[in-house]
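One structure is given here, and the rest of the page talks about it.
The values are calculated or read from the model by the stated rules, or taken from the named source; none is laboratory data. None of the values given here were measured: they were computed from a predicted structure. In this analysis, Cβ positions are derived from the backbone assuming ideal geometry, glycine residues included, and neighbour counts consider all displayed protein chains. When the accessible area is computed, the model is the full protein with side chains, heavy atoms only, and any ligands, DNA or RNA have been set aside. Shrake-Rupley method; radii C 1.70, N 1.55, O 1.52, S 1.80 Å.
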Amino acid sequence: MFNKKKGTEQDKVTTKKEIGITAAVFTLAIMIACMLFTVAVLEKEPHIPLMIGTAVAIIVTMLHGYTFEEVEEMMYKGIRHALPAIVIIILVGLIIGSWIGSGVVATMIYYGLQLIDPRYFLTVVVILCGIVALAIGSSWSTMATVGVASMGIGISMGISPGMVAGAVICGSYFGDKMSPLSDTTNLASGLSDVDLFDHIKHMLYTTIPALIITLIAFFFIGQQFGAKHFDTKNIDKILHTMQDQFVITPWLLLIPLIVIGLVVVKVPAIPAIVVGIILGFFAQIFIQGGSLTEALTALQTGYTIDSGNKLVDELFNRGGLESMFYTISLTLVAMTFGGVLEYSGMLAALISVILKFAKSTGSLIASVIVSCIGTNFTCSEQYISIIVPSRMYASTFKEKGLHPKNLSRALEDGGTLTSVFAPWNTCGVFIASTLGVSVMEYAPYAILNYTVPIISIIFGYIGFKIIKLDDDNDGKSLNNTKGTELV
């Protein structure tokens with residue numbers, strides 16, 4: 001009896017077939033077609049197309065011999081990848097409601113409107129968000145705090161929301177990418193077996209030129225918002241309305257400073273954010289004079305205000321746990337699809353085809369970046385866009401005599417930064433929910449995020465700062481690899 005059962009299980013295993021490129025492309029094509037039609041043509045939400053893609057992926061996987069129980073486990077594994085992100089998303093909803101209700105955001109906007117010249121506002125936002133994200137190691141936390149305040153200031157100045165969001169994203173992702181406290185930075189270096197600070201130093205070569213380009217671009221873009229086009233009467237109305245609705249005091253700025261200080265001294269992001277939520281909660285009660293019920297409501301459903309000024313109402317009617325339910329649901333659906341793609345082997349089948357064309361140094365690095373971008377759009381999670389390509393390309397880099405720091409840099413250049421361009425990626429969804437700007441609006445102004453991958457690919461083809469294994473970290477680089485075959 002026992003041997004018979006064992007034999008049956010063995011038969012199940014042997015009936016499984018490797019999922020080839022045709023089936024993988026078919027699955028991906030169905031999802032993309034549904035997504036484009038639903039989002040671009042019907043202008044509806046991306047949840048259903050992702051569910052259709054998941055259903056197709058399940059059917060294809062089961063036709064290759066997998067049981068539904070195995071496919072179900074693949075979906076759960078995908079969701080597990082997103083659990084840390086979901087926790088952060090929940091806390092971000094709480095901190096936005098807390099900081100708006102406490103007057104923290106209003107205070108930031110109030111002083112920002114008085115101190116910042118609109119011509120240089122976008123440039124200042126890039127620098128400020130970059131410094132904060134570098135200090136705390138989190139682009140999401142930066143966007144949810146400094147970013148939200150920057151959106152309010154910029155919109156009040158008459159600057160396009162897409163431009164402001166683009167500046168916030170550029171600064172936040174620059175700081176996150178270059179911070180030793182960043183989870184993606186540690187992930188990319190760890191998976192590639194590269195020293196963390198060697199990894200960060202190597203990224204300077206592609207990231208700093210992109211940052212300079214970004215700052216120059218925003219400097220010139222900002223010149224159109226000079227004093228001639230600056231409506232001071234409108235700003236004065238906003239300032240007076242905020243003073244009527246909130247207690248404005250510099251003491252409230254201590255709350256974000258405390259949160260930043262906690263992370264600087266290496267308190268993990270989650271407990272640091274929780275401290276910010278608690279401080280904001282009590283500030284709403286004891287500084288703003290709100291009731292316990294109002295403070296709890298701000299955490300649950302968001303802060304509400306009816307000031308009579310439409311712009312002020314739009315700025316402050318937001319936040320709360322429930323405002324993040326859309327983001328959470330989309331994250332769960334996206335990661336279900338991504339889990340089946342990754343653990344069924346479909347993603348590996350797609351990348352294996354790309355590897356066949358990676359003959360030179362430039363084409364290999366370009367393949368990594370394209371794979372990261374593709375994973376961001378298909379699996380909807382920047383962590384997967386780093387994890388999966390790192391597994392697929394690690395041995396190839398070693399075989400070709402290339403130092404793994406080239407791989408770790410390409411993973412971040414292609415994975416971390418481009419996650420903001422997929423509307424259904426957890427990053428794209430988070431930004432749209434937090435900053436209130438769609439991907440289509442901010443994408444043209446997320447200059448750093450698409451400039452870095454381009455520079456990285458160019459450097460790969462011309463051989464600039466491409467380190468070989470036999471260079472032994474002596475600073476030499478492969479500067480003559482343009483068009484050189486790696487076989």
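Could you please let me know if Ile159 is on the phi < 0 side of the Ramachandran plot and in a helix (DSSP H, G or I)? No. Within region 59-82, the set of residues being in contact with a Gly (Cβ under 8 Å, 6 or more places away or on another chain), open to solvent by 70 Å² or more (accessible area, probe 1.4 Å) and modelled with pLDDT of 90 or more comprises Tyr76 only.
Out of the residues in region 419-440 that are among the polar types (S, T, N, Q) and open to solvent by 10 Å² or more (accessible area, probe 1.4 Å), which is nearest to Gly166 (Cα to Cα)? Per the criteria, the residue is Ser438. Scanning region 38-57 for residues that are within 15 Å of Ala422 (Cα to Cα), open to solvent by 40 Å² or more (accessible area, probe 1.4 Å) and part of a helix (DSSP H, G or I) returns Val39, Ala40.
Here Ile270 fulfils each of the conditions (1) closer than 26 Å to Ser139 by Cα; (2) over 24 Å from the mean Cα position of the chain (by Cα); (3) touching a residue at least 24 places away in the same chain (Cβ under 8 Å); (4) open to solvent by 50 Å² or more (accessible area, probe 1.4 Å) apart from (2).
Scanning region 379-415 for residues that are over 13 Å from Ala188 (Cα atoms), open to solvent by 10 Å² or more (accessible area, probe 1.4 Å) and assigned to a helix (DSSP H, G or I) yields Met392, Ser395, Thr396, Lys398, Glu399. Among the residues making up region 259-269, a single one is modelled with pLDDT of 80 or more and either touching a Gly at 6+ places or on another chain (Cβ under 6 Å) or closer than 15 Å to Ile90 by Cβ (or both): Val259. For region 119-140, a residue qualifies if it is open to solvent by 10 Å² or more (accessible area, probe 1.4 Å) and not hydroxyl-bearing (Ser, Thr, Tyr), and the qualifying residues are Arg119, Val124, Ile127, Leu128, Ile131, Val132, Leu134, Ala135, Ile136, Trp140.
Scanning region 141-172 for residues that are surrounded by 24 or more Cβ atoms within 10 Å (Cβ to Cβ) and among the hydroxyl-bearing types (Ser, Thr, Tyr) returns Ser141, Thr142, Thr145, Ser150, Ser172. Being modelled with pLDDT of 90 or more, part of a helix (DSSP H, G or I) and under 26 Å from Phe325 (Cα atoms) is a condition met by no residue of region 83-93. Taking the conditions exactly as written (of a type outside the set (A, V, I, L, M, F, W, C), free of Cβ contacts under 8 Å to residues at least 60 places away in the same chain, assigned to a loop (DSSP other than H, G, I, E, B) and open to solvent by 30 Å² or more (accessible area, probe 1.4 Å)), does Gly289 satisfy them or not? Criteria met by Gly289. Checking the structure you have, find out if any residue of region 360-375 is within 24 Å of Gly463 (Cα to Cα) and not in a helix (DSSP H, G or I). For region 360-375, residues within 24 Å of Gly463 (Cα to Cα) and not in a helix (DSSP H, G or I): present.
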